[in-house]
Amino acid sequence: MIVREEAQSLGIPIIEYPANNARLGAFEIVLPLLDAINTVDSNRLDGVEQFVQALMLFHNVDISGNDFSFYDMVLDTAVLLGIVPKRYQELGLSAIDTYFAMARCYQGDSGDVKALAMKKWFNTNYHYIVPEIEDDTKITLNADKLFHEYFEEKRLGIETKPVVIGAFTMLKLIRYTGKKTAGDFAEAIIRAYQELLAKCNEEQVEWLQFDEPSLVKDLGAEDIELFHRIYDNILSDAGKCRVLLQTYFGDVRDIYADLIRMPFAAIGLDFIEGRQTCELIEKFGFPQDKILFAGLVNGKNIWRNHYEKTLGTVADLKKKGISVVLSTSCSLLHVPYTLKHETKLSQEFTSYFAFAEEKLAELKELGQLADQDNYQESEVYQKNKALFAGERDCHNEEVTKRLSGVIEKDYIRLPKRSERQALQKKELKLPEFPTTTIGSFPQTKDVKANRSAFRRGEISKEEYVAFNKKKIADCVKWQEEIGLDVLVHGEYERNDMVEYFGEALGGFLFTEKAWVQSYGTRCVKPPIIWGDVYRDKPITVEWSVYAQSQTDKIMKGMLTGPVTILNWSFPREDISIKESISQIALAIRDEVLDLEANGIRMIQIDEAALREKLPLRRSDWYSEYLDFAIPAFRLTHSGVKADTQIHTHMCYSEFTDIIPAIDDMDADVITFEASRSDLQILDALRENHFETEVGPGVYDIHSPRVPSVEEMVQALRLMLTKIEPEKLWVNPDCGLKTRGVPETDASLRNMVEAAKQIRPDHS
């Protein structure tokens with residue numbers, strides 16, 4: 001997808017909602033976005049002009065629109081189609097408050113509802129809100145937002161191409177809560193998209209883009225039939241508005257031959273992650289009456305484009321008589337905005353990087369070069385060629401040597417898990433249904449201020465450490481007073497669960513303002529893996545040991561696992577993902593063993609993003625990912641003693657289809673998100689005879705809602721119908737970093753009380 005700069009005169013608005021019970025509009029929520037907002041506002045017009053110039057080289061295709069969102073693009077499409085569950089409608093709130101109730105929850109005078117489920121957007125770190133449809137839902141078009149933005153941009157002299165998630169992908173993403181399935185809603189959604197297309201014709205919209213990333217997944221005959229049913233009808237009276245079918249995150253091998261015969265004006269294909277895209281074009285051709293949007297600039301990573309390779313592909317396409325629009329492989333949502341404000345990284349590093357704005361410049365340069373017969377002589381081309389011909393200082397011989405010495409037994413922990421679990425229960429002496437948290441506690445203003453002051457050199461290291469130790473001591477007392485069974489130190493020293501470890505490991509680079517949206521208004525600043533990764537000194541030991549000294553209860557050591565560190569960083573492209581993950585695994589293994597040596601008997605190695613890089617095609621799951629990702633996790637903990645308990649944690653994603661692989665991680669305990677998805681994972685655990693002890697989250701931490709004791713008791717009793725009592729842990733969905741102190745205290749007290757209430761039934 002080609003992404004435009006915002007055309008709004010005021011940039012991204014910061015909106016305050018007085019007396020808003022969901023507490024949206026709070027200043028702290030948008031702090032990570034402020035730098036990005038300023039940049040977007042100051043550079044908007046330049047960016048738009050630059051992008052227009054790049055596109056005008058090819059068929060006058062316009063800038064994408066309908067890409068501003070208050071929270072989530074999938075939720076926006078659900079609202080556009082009128083897919084709003086009754087429990088949210090019945091609150092009687094305004095349209096915007098109803099929208100945010102679906103995104104984040106509502107707990108107030110009008111009612112008490114959870115937020116909709118949240119899942120990963122295909123193989124990215126963006127989280128989308130899962131639309132939910134009831135059997136009696138009436139799909140009706142409400143395109144006011146789309147056309148409001150379109151006409152606002154048109155008044156600025158910019159002709160945009162509205163972008164909407166396609167009907168097929170929407171039907172695939174929706175959660176069906178009743179007896180009806182996607183096919184039952186097909187006719188209604190067809191009529192809504194037909195109405196949208198008709199409205200575009202009425203308003204003389206030149207282009208309309210339908211995003212269909214679901215086409216890159218495994219498609220069966222039923223899926224292809226449904227796709228035809230949808231678009232054969234939608235396109236039957238397209239009028240003058242030209243429709244672009246945009247795909248990304250892979251190739252469309254199962255349906256390519258059908259797509260090129262259908263009356264789309266243009267088709268967007270991914271040439272980066274689409275391993276068979278070139279082969280498909282070679283085998284089946286591409287119609288000369290259509291435009292190919294060629295995704296040749298990587299929209300998911302920050303490394304510069306290799307012009308020689310890209311232009312070679314463009315030349316091959318032009319030889320076939322194909323009309324080409326150069327594009328990014330997907331939306332630029334997944335990369336930072338611009339390199340302009342990265343003042344601390346030297347040219348030695350930044351010359352290799354391209355953020356969103358730089359990728360637009362690359363599109364412009366590539367377009368100009370592609371129109372030149374002798375582009376090889378161009379200074380721009382020669383400069384790019386020299387960059388890729390040079391050697392980067394990124395290799396470490398010691399890392400290479402150590403990795404080559406890893407043997408099969410290094411991936412195996414002994415004794416087997418059932419024996420370890422029996423020993424751990426005896427040694428740890430925990431009550432039935434032990435209570436704990438996932439790791440982090442609220443990052444209050446004083447915590448952030450202390451870290452910022454230290455980074456700016458305003459306080460000494462001694463002052464910084466003393467403050468954090470005081471917070472840890474207070475946190476330990478707080479947890480003891482609440483009554484938790486297994487404690488954590490609170491992670492007050494950590495800015496981010498990946499960035500913190502990256503800063504302590506060799507091989508990483510860090511930016512100042514390279515924020516990327518994770519979900520809603522939540523942004524992260526991923527590190528860049530520049531070279532070989534290694535650990536040269538302990539990272540967390542001091543904090544965990546100090547925390548353990550403050551209590552007689554068990555203190556969990558908290559680490560981030562190798563798969564998550566890689567998946568939430570911008571990875572290298574000069575070595576395989578397998579090699580990078582293995583390097584990180586050895587570094588985390590060193591930390592695990594040091595924690596154990598210093599008396600920490602329980603160690604959590606978070607793999608929140610395990611599923612994130614899972615190939616979208618099932619046939620590739622193991623050979624292209626799980627066959628090395630799972631062993632890498634085992635490598636981190638295989639060297640510990642039998643009575644040292646290893647935990648892991650996984651965040652919002654679809655786990656049910658990879659349960660055997662998760663069990664094969666050989667952790668002793670796993671906690672994961674479950675509350676937003678209504679504990680759907682429980683059946684998969686039972687069906688797969690899951691051996692790992694498990695703590696499905698009993699309440700959602702991504703909203704401020706405080707669940708009642710009764711609600712959590714009910715959830716735990718449901719869990720016990722699917723999980724053996726001796727294997728059940730009680731915990732929240734995820735870390736508490738983003739939550740406030742009052743709601744955290746209330747929720748945890750209710751959680752502990754819920755665990756106490758069910759214990760007598762199983763004693």
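The values are calculated or read from the model by the stated rules, or taken from the named source; none is laboratory data. Keep in mind that what you see is a predicted model, and the values were worked out from it rather than measured. Every residue, glycine as well, gets a Cβ built from its backbone with ideal geometry; the counts of neighbours run over all protein chains shown.
Here's a check for you: in segment 440-450, which residue that is among the hydrophobic types (A, V, I, L, M, F, W, C) and crowded, with 17+ Cβ neighbours inside 10 Å is farthest from the chain's Cα centre (by Cα)? So the residue we want is V447.
A Cβ distance below 7 Å, combined with a sequence gap of six or more or placement on separate chains, defines the contacts here; from segment 507-532, residues that are on the phi > 0 side of the Ramachandran plot reach no residue that is surrounded by fewer than 21 Cβ atoms within 10 Å (Cβ to Cβ) and aliphatic (A, V, I, L, M). Of the residues making up segment 333-356, those that are within 24 Å of L245 (Cα to Cα) and either of a type in the set (G, A, S) or buried (at least 22 other Cβ atoms within 10 Å of the Cβ) (or both) are H334, V335, A356. When the residues of segment 484-511 are filtered to those that are under 30 Å from E432 (Cβ atoms) and β-branched (V, I, T), the one that is surrounded by the most Cβ atoms within 10 Å (Cβ to Cβ) is V488. The residues on offer are L197, L235, and the sole one that is touching a Cys at 6+ places or on another chain (Cβ under 7 Å), within 25 Å of H148 (Cα to Cα) and outside any loop (DSSP other than H, G, I, E, B) is L197.
Consider I438 carefully, then state whether it is in contact with a Cys (Cβ under 8 Å, 6 or more places away or on another chain), in a loop (DSSP other than H, G, I, E, B) and in the same structural domain as R589 (by TED's automatic domain parsing). Considered against the rule, which asks whether it is in contact with a Cys (Cβ under 8 Å, 6 or more places away or on another chain), in a loop (DSSP other than H, G, I, E, B) and in the same structural domain as R589 (by TED's automatic domain parsing), I438 comes out as yes.
Collect the residues in segment 301-337 that are out of contact with any strand residue (DSSP E or B) (no Cβ under 9 Å at 6 or more places or on another chain), of a type in the set (D, E, K, R) and in contact (Cβ under 8 Å) with a residue 40 or more places away in the chain, keeping them in residue-number order. Within segment 301-337, E308 is the sole residue that qualifies. Does E481 fit the bill of being surrounded by fewer than 17 Cβ atoms within 10 Å (Cβ to Cβ), of a type in the set (D, E, K, R) and within 23 Å of Y337 (Cα to Cα)? The answer is no for E481.
For segment 548-578, taking the residues that are surrounded by 22 or more Cβ atoms within 10 Å (Cβ to Cβ) and of a type in the set (D, E, K, R), the one that is nearest to E493 (Cα to Cα) is identified as K556.
Just one of the listed residues (A389, A422) is surrounded by 11 or more Cβ atoms within 10 Å (Cβ to Cβ) and either of a type in the set (A, V, I, L, M, F, W, C) or more than 29 Å from the chain's Cα centre (by Cα) (or both), namely A422.
Quick test for you: out of D666, D683, D627, pick the one residue that is charged (D, E, K, R), touching a residue at least 24 places away in the same chain (Cβ under 8 Å) and more than 30 Å from L116 (Cβ to Cβ).
Numbers: D683 fails: more than 30 Å from L116 (Cβ to Cβ); D627 fails: touching a residue at least 24 places away in the same chain (Cβ under 8 Å).
The match here is D666.
Residue by residue, here is whether (1) more than 23 Å from the chain's Cα centre (by Cα); (2) among the β-branched types (V, I, T); (3) crowded, with 20+ Cβ neighbours inside 10 Å; (4) closer than 24 Å to S580 by Cβ holds:
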| position | (1), (2), (3), (4) |
| --- | --- |
| M602 | yes, no, yes, no |
| L614 | no, no, yes, yes |
| L635 | yes, no, yes, yes |
| V640 | yes, yes, yes, yes |
| D666 | yes, no, yes, yes |
| H689 | yes, no, no, no |
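Table: residues versus (1) in contact with a Ser or Thr (Cβ under 9 Å, 6 or more places away or on another chain); (2) of a type in the set (D, E, K, R); (3) closer than 23 Å to E273 by Cβ; (4) touching a residue at least 40 places away in the same chain (Cβ under 8 Å).
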position	(1), (2), (3), (4)
I600	yes, no, no, yes
R611	yes, yes, yes, yes
S619	no, no, yes, yes
H637	yes, no, no, yes
I659	no, no, no, no
E673	yes, yes, no, yes
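Of all the numbered requirements in (1) more than 17 Å from E512 (Cα to Cα); (2) surrounded by fewer than 23 Cβ atoms within 10 Å (Cβ to Cβ); (3) touching a Leu at 6+ places or on another chain (Cβ under 9 Å), T328 misses one, and that requirement is (2).
I'd like the residue in segment 236-259 that is among the aliphatic types (A, V, I, L, M) and surrounded by 18 or more Cβ atoms within 10 Å (Cβ to Cβ) and, out of all such residues, is farthest from R275 (Cα to Cα).
Kept after step one, since they are among the aliphatic types (A, V, I, L, M), are these residues of segment 236-259: 238, 243-245, 252, 255, 257, 259.
Those still in the list that are surrounded by 18 or more Cβ atoms within 10 Å (Cβ to Cβ) too: 238, 243-245, 252, 255, 259.
Details: A238: 31, V243: 25, L244: 21, L245: 19, V252: 10, I255: 15, L259: 18 Å.
Going through the qualifying residues, I end up with A238.
Of the residues A715, A755, A746, the single one that is outside any loop (DSSP other than H, G, I, E, B) and farther than 23 Å from A115 by Cβ is A755.
Pairs linking a residue in segment 166-185 that is in the same structural domain as L616 (by TED's automatic domain parsing) and modelled with pLDDT of 95 or more to a residue that is aliphatic (A, V, I, L, M) and surrounded by fewer than 19 Cβ atoms within 10 Å (Cβ to Cβ), with Cβ atoms under 7 Å and 6 or more positions apart or on different chains, do not occur.
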